[in-house]
Amino acid sequence: MAHVLFNFTGGDRRLAAALLKAKMWPVARDERDGESLAPGDLALVYLRTPDAEFIGRAELASAVHDWTTSEAEAYPGDSPSGVLLSDVEVWDPGVPMERVVARIDPTGSNPLVQANAAAGFQTAVVQITAGEYEAVIDLSRESRRP
């Protein structure tokens, strides 16, 4: 099982939430690391700036594939391919990137974490560690506690 981050560059929180609720996520057939996605992988969804926050999580129910006719009709976007999702959570409020960075790199010594936090992720699919995934999940639970 892999852990990935889906980097949503559209900046439209409503569209990203609609994609999650439809249990479909756009992934180009030629996306770097896209061919390694498989059912059972766990994904976080990240909105780039200005939001810079994680807005949900899901389990992948399929590998990357061209949408079938019925999937294309149900898909709320314009991508011709992607993955199906299961066990979806949409978070409102989201988990700000600054809180995640403080949790996974409290000393500011990991150059990769710091670069991604400052500049954003450069690809739509980003491999992350299980620890990074769990840090975001923990923070999302903490923010929803009464």
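Of all residues in the stretch 124-146, those satisfying the criterion of being of a type outside the set (S, T, N, Q) and in a strand (DSSP E or B) are Val125, Val126, Ile128. Restricting Gly108, Gly131 to those that are loosely packed, with under 14 Cβ neighbours inside 10 Å, farther than 19 Å from Asp87 by Cβ and in contact (Cβ under 8 Å) with a residue 24 or more places away in the chain reduces the list to Gly131.
For residues that are assigned to a helix (DSSP H, G or I) and polar (S, T, N, Q), scanning just the stretch 111-123, find the one that is surrounded by the most Cβ atoms within 10 Å (Cβ to Cβ). Only one residue tops the list, namely Asn116. For the stretch 69-104, name all the residues that are of a type in the set (Val, Ile, Thr) and touching an Asp or Glu at 6+ places or on another chain (Cβ under 9 Å). Of everything in the stretch 69-104, those that are of a type in the set (Val, Ile, Thr) and touching an Asp or Glu at 6+ places or on another chain (Cβ under 9 Å) turn out to be Val83, Val88, Val95, Val100, Ile104.
Of the residues making up the stretch 18-40, those that are more than 16 Å from Tyr75 (Cβ to Cβ), within 14 Å of the chain's Cα centre (by Cα) and surrounded by fewer than 16 Cβ atoms within 10 Å (Cβ to Cβ) number 1. Selection of the stretch 84-125 for residues being among the hydrophobic types (A, V, I, L, M, F, W, C) and touching a Leu at 6+ places or on another chain (Cβ under 9 Å) yields Leu84, Leu85, Val88, Val90, Val95, Val100, Phe121, Val125. The number of residues in the stretch 41-56 being surrounded by fewer than 15 Cβ atoms within 10 Å (Cβ to Cβ) and without any contact (Cβ under 8 Å) to a residue 60 or more places away in the chain comes to 1. Leu15 meets the conditions (1) touching a residue at least 60 places away in the same chain (Cβ under 8 Å); (2) part of a helix (DSSP H, G or I); (3) surrounded by 16 or more Cβ atoms within 10 Å (Cβ to Cβ) in every case but one. The failed one is (3). Within the stretch 57-66, if we keep just the residues that are farther than 27 Å from Asp92 by Cβ and touching a Pro at 6+ places or on another chain (Cβ under 8 Å), the residue that is surrounded by the fewest Cβ atoms within 10 Å (Cβ to Cβ) turns out to be Asp66. So, of the residues in the stretch 56-110 that are among the acidic types (Asp, Glu) and assigned to a loop (DSSP other than H, G, I, E, B), which turns out to be farthest from Glu132 (Cα to Cα)? Checked the stretch 56-110; the qualifying residue farthest from Glu132 (Cα to Cα) is Asp78.
Values quoted throughout were computed directly from the atomic coordinates according to the rules given, and no laboratory measurement underlies them. All values derive from a computational prediction rather than experimental measurement. Note that we place each Cβ from the backbone using ideal geometry, even for glycine, and neighbour counts take in every protein chain shown.
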